[in-house]
Amino acid sequence: MGDLFQDGGEGIEVNLHVAERWYMKAAMLGNDLAMNNLGLLYNNGGEGFPADLHKAKYWLQKAADLDNTVAMYNLGELYEQGGADFPVDLREAERWYIKAARLDDAISMYNLGYLNEHGGKDFPVNLHEAELWYLKAIEHGHTGAMNNLGFLYLEGGKGLPANPEQGKFLLFKAAGLDEESAMYNLGLLYQHGGVGFEVDLHEAERWYLNAAELGDVMAMNNLGYLYEHGSKDFAVDLCKAEHWYLEAVRLEYSVAMNNLGLLYLYGGEGLPANPEQGKRLLLRAVGLGNASAMNNLGCLYRDGGEGFEVDLPQARALFLKAAGLGDASAMRNLKKLPEPQPAKKRGFDEAFPDEPDHACPEGESGAGGIKRC
């Protein structure tokens with residue numbers, strides 16, 4: 001009954017308080033599935049139902065103590081991610097993942113690989129341990145572990161010798177099993193080259209298309225970038241670039257908003273300029289916290305043109321915001337900007353005016369980077 005009120009259905013409205021009552025009744029009778037679901041309910045919260053991570057821990061641990069491997073995994077995630085009044089504790093996360101892994105839970109094996117690959121506070125990176133756990137997950141068919149270990153093997157690292165041939169094998173194996181992250185990563189390797197990979201934009205296009213058709217938003221954006229910029233052996237096609245950027249924009253991907261916004265400012269062969277829409281996209285990207293879009297808008301306010309009046313205080317505010325997010329171009333632009341004058345317009349924290357635009361070559365976000373599962 002708890003599931004019905006948690007997820008809703010025909011004739012049943014979602015009501016998390018009612019779901020809580022039903023889960024509680026079953027949990028008090030010793031039902032470990034209900035305990036786990038109650039823990040997840042408190043972990044995730046919902047409309048009118050605030051999360052309570054301490055209650056989540058209590059019920060997940062009750063279920064885990066009854067050998068519920070899903071609850072063990074969920075406890076590991078709770079300690080790995082932490083939250084309000086519940087600090088991250090990667091050692092506790094590791095402990096619960098190991099318990100679940102010993103009961104053949106492949107996702108926990110994968111998470112142990114990821115923890116040891118990336119490390120964290122009081123949890124040093126251990127690539128040899130990461131390899132061992134990824135291999136155990138791979139034995140259970142976990143394609144995300146194939147992807148991550150494949151990348152690790154390409155160049156290796158401290159305590160883990162490179163094994164490029166095995167790395168390529170694992171990436172292709174994962175991609176062949178419809179792991180979209182591996183498809184994306186193969187596209188990236190063929191786009192930029194890497195250990196054992198020569199640049200081949202047609203191969204990059206093929207793998208990005210495979211990933212994009214599975215809904216991978218980063219692959220959609222990178223296809224747009226390929227078609228926008230092309231190369232000697234890969235023709236520019238701005239209509240295709242627009243199509244794939246738009247697909248990513250529909251999924252609220254701010255990098256694609258920034259790239260398409262810049263493309264629309266001037267347009268090009270086969271794609272008329274649409275400065276008004278370009279401006280809107282850049283502003284949407286800024287609203288989503290995209291530092292490259294902030295820097296690009298800063299350039300537009302700094303230089304003027306294409307419907308932009310020069311507004312150095314606005315440019316400074318944008319460069320400051322982007323620099324605070326680590327954007328190197330914005331840091332350089334901020335240093336070169338003339339000393340501030342009294343602002344004639346609103347500040348960055350207020351609404352931007354609706355004006356047409358102008359493109360800026362700096363701060364180009366371009367294609368995305370390596371994708372971990």
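The values are calculated or read from the model by the stated rules, or taken from the named source; none is laboratory data. Everything numeric here is computed off the predicted structure, so don't read it as measured data. All Cβ positions, even for glycine, are placed from backbone atoms using ideal geometry, and neighbour counts span all protein chains on display. Surface accessibility is based on the protein's heavy atoms, side chains included, excluding ligands, DNA and RNA. Shrake-Rupley method; radii C 1.70, N 1.55, O 1.52, S 1.80 Å.
Taking the listed residues Leu209, Leu186, the one that is within 24 Å of Glu139 (Cα to Cα), in a helix (DSSP H, G or I) and at pLDDT 95 or above is Leu186, with no other qualifying. Within the stretch 250-270, one or more residues are of a type in the set (D, E, K, R) and either in contact (Cβ under 8 Å) with a residue 40 or more places away in the chain or over 21 Å from Gly215 (Cα atoms) (or both). Taking first residues from the stretch 81-93 that are under 16 Å from Gln61 (Cβ atoms) and partners that are modelled with pLDDT of 95 or more and loosely packed, with under 14 Cβ neighbours inside 10 Å, the Cβ contacts under 9 Å between residues at least 6 apart in sequence or on separate chains come to Phe86/His54; Ala93/Gln81. Of all residue pairs spaced 6 or more apart or on separate chains, those with beta-carbon atoms under 7 Å, a first member in the stretch 218-244 that is at positive phi and a second member that is outside any helix (DSSP H, G or I) and surrounded by fewer than 22 Cβ atoms within 10 Å (Cβ to Cβ) are Gly230/Val236.
Yes/no per residue for (1) aromatic (Phe, Trp, Tyr); (2) touching a Pro at 6+ places or on another chain (Cβ under 8 Å); (3) not in a loop (DSSP other than H, G, I, E, B):
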{"position": "Lys240", "(1), (2), (3)": "no, no, yes"}
{"position": "Trp244", "(1), (2), (3)": "yes, no, yes"}
{"position": "Leu260", "(1), (2), (3)": "no, no, yes"}
{"position": "Ala273", "(1), (2), (3)": "no, no, no"}
{"position": "Arg280", "(1), (2), (3)": "no, no, yes"}
{"position": "Gly289", "(1), (2), (3)": "no, no, no"}
{"position": "Ser292", "(1), (2), (3)": "no, no, yes"}
{"position": "Leu297", "(1), (2), (3)": "no, no, yes"}
{"position": "Arg302", "(1), (2), (3)": "no, no, yes"}
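Residues considered: Lys344, Lys335. Of these, the only one that is open to solvent by 70 Å² or more (accessible area, probe 1.4 Å) and at pLDDT 90 or above is Lys335.
Applying the condition of being charged (D, E, K, R) and under 23 Å from the mean Cα position of the chain (by Cα) to the stretch 95-130 and asking which residue is surrounded by the fewest Cβ atoms within 10 Å (Cβ to Cβ) yields Lys121. Looking at the stretch 41-52, which of the residues that are surrounded by 19 or more Cβ atoms within 10 Å (Cβ to Cβ) and within 22 Å of Leu90 (Cβ to Cβ) is farthest from the chain's Cα centre (by Cα)? Looking at the filtered set, the residue picked out is Tyr42.
Scanning the stretch 156-186 for residues that are among the acidic types (Asp, Glu) and exposed (fewer than 14 other Cβ atoms within 10 Å of the Cβ) yields Glu165, Asp178.
Okay, residues lined up against (1) among the charged types (D, E, K, R); (2) part of a helix (DSSP H, G or I):
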| position | (1), (2) |
| --- | --- |
| Ala56 | no, yes |
| Lys62 | yes, yes |
| Leu66 | no, no |
| Met72 | no, yes |
| Gly76 | no, yes |
| Glu92 | yes, yes |
| Ala100 | no, yes |
